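Just below is one structure, and these are the notes that go with it.
Each reported figure results from applying straightforward, stated rules to the coordinates on display, with no laboratory input. None of the values given here were measured: they were computed from a predicted structure. Cβ coordinates were reconstructed from backbone atoms using ideal geometry, including for glycine residues, and neighbour counts include every protein chain displayed.
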Amino acid sequence: MTQAPIATEALVIGAGPVGLFQVFQLGLQGIHCQVIDALPHVGGQCAELYAGKPIYDIPGIPFCTGQELVERLQQQIAPFKATLHLGQQVTHIERQADQRLAITTDAGQHFLTSTLFIAAGVGAFVPRRMVLDGLSVFEGTQVFAEHPAPERWAGLHLVVAGEGDTALQTCLDAMTGPQAAASVTLLHRRDQFSATPELTEQMRQACAQGRMRFVAGQPTGLKVEQGRLQALELLNPQGDTEWLPLDLLQTWEQARQHDPQMQVVQATRSSVQAYEAQAQSLWRPVVMGSATVGAMSAETRTTGAQFAVGGQTPMPGSFATSASAAMSTRWSLQAKQALYSPERQAQQAQLQQAAGVAEWRADLAHQQFLLQTVQRYFQVLLAERQQQVLKNQRVAVERSLTEARDRFAIGDLPVTDTHEAAARASGLQAQWLAADSDLQMARQVLAESTRLPIDALKPQAPPAHPPPRAAGVPHGRELGRCLGRRHTVNPLCTGSGPHA
């Protein structure tokens, strides 16, 4: 059912600074108006590109940010109560027989107006969508051209394509809170950004701390499995093609967060801190405080007493004294510091040795856990390779079997050769089924350790010709710290912020 058009005396297309000031001017003339804008908020270019950036070309205002200008304009038009239609784009304008203009938006809203003000600037601000074959199929489920709700990325591997304030702020928001993403990757064609220096610095700090990752590259393709987007194909600045799949470092990060064995490592490390705290507390001053409070009552009476002064005749008299609810308080504060104590020195040495032993145990457990995670990862990788090799062998043997049967049919080959080829094919089929069982088991073990879904475990094999390694190869505790840094992600959810 078509909605009835909204009749209005004036309609403004564009809710940027010019459009908002036009609302103010119409309000001074007593004219109520309708306002349409493609963005979900007012402010236009100032709010979208210069929200936190200084602007200097506003008459009467030496300096303000884009967001401050928009807020002042909103205060200015508030008394006139203009009706805003945000998140809509005008698609059709037609002159009617009564000379009014009929306006239609992409949301199906219709307007009839006597006066039309177009304050659209350089055009509507709409999201710049990533142009890749097949990507539009995932819009609204895994791909979002506009800022999605946080629950959309909760627990997923998020890739944000962009270089402005919206893109960087989305990355920073997705790293924290109860609905944080499993991993965050910022994707842009180069390591230069139009975002504010403050946001850019926060992003770089987050990358240095391993909380997110920046990847320079241009998307060129997709990897889709079972109807879901699994990875992006990129062309990096060196001209090489790479993917954004799950790799060893991400597997390590997930296992470190979820594997129960890591709790043993953390508990061992906490005991180190407890031993060190006890050792330090032995030589701390002992402070003692005491306080007493007392209450008392007393009464005395004396009678039959005689008083004489300077040889005068003694005079009889009597007197009485009393004290009721009298208070008595006393407090003290003492501090003792041992300067020399062989007993405490021995205790301190013993606690320090216990802390050292606990630290070495924690390092050992950490390295064992690291090696176990690496082993589980490469078991999946080797099982996949083994399955692929057997699959290729099956294809070759089945081709030989078909050829043997054809030659037997024309009498060029004895039947025994046909049976031998069939036996080899059956044997390879059994080996392939066993290899597939091993692969599923290896994936299940790794999934239980990382708490990632099995279909997300797509290990990245090392290159056939790896580049030469530097002389300083990390090992032991240093290797653990290297693998402790989150580095690579498997994008299951991609998005890009709005651009001009």
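Points to keep in mind about this one:
- Residue order, fewest to most surrounding Cβ atoms within 10 angstrom, among Val90, Val137: Val137, Val90
- Calculated P(r) of segment 6-125 - Cα pairs past 23 Å, %: 30
- Here segment 65-107 is treated with +1 on each Lys and Arg Cβ and -1 on each Asp and Glu Cβ, and its dipole about the Cα centre works out to around 140 debye.
- Whole-angstrom gap from segment 1-75 to segment 88-165, using each part's C-alpha centre: 17
- q = 0.24 Å⁻¹: log10 I(q)/I(0) that the Debye formula gives for segment 12-75, counting C-alpha atoms only: -1.01
- Exposure proxy ranking, count of Cβ atoms within 10 Å, fewest first, for Trp360, Trp243, Trp153: Trp360, Trp243, Trp153
- Euclidean distance of C-alpha centroids, segment 169-192 and segment 385-423, integer Å: 53
- Neighbour counts of C-beta atoms inside 10 Å place Cys46, Cys171 in the sequence Cys46, Cys171, starting with the fewest.
- Over segment 6-125, Cα pairs under 8 Å with separation of 6+ residues give a relative contact order of 36 percent.
- A simple count of charges around Arg424, restricted to other residues whose Cβ falls under 10 Å of its Cβ and scoring Lys, Arg +1 and Asp, Glu -1, yields -1.
- Paramagnetic label zone (point 7 Å from Cα along Cα-to-C-beta, Thr115; backbone N under 18 Å) in segment 21-39: 21-36
- Amide H contacts under 5 Å for Ile118, placed H, 5+ residues apart: Ile13
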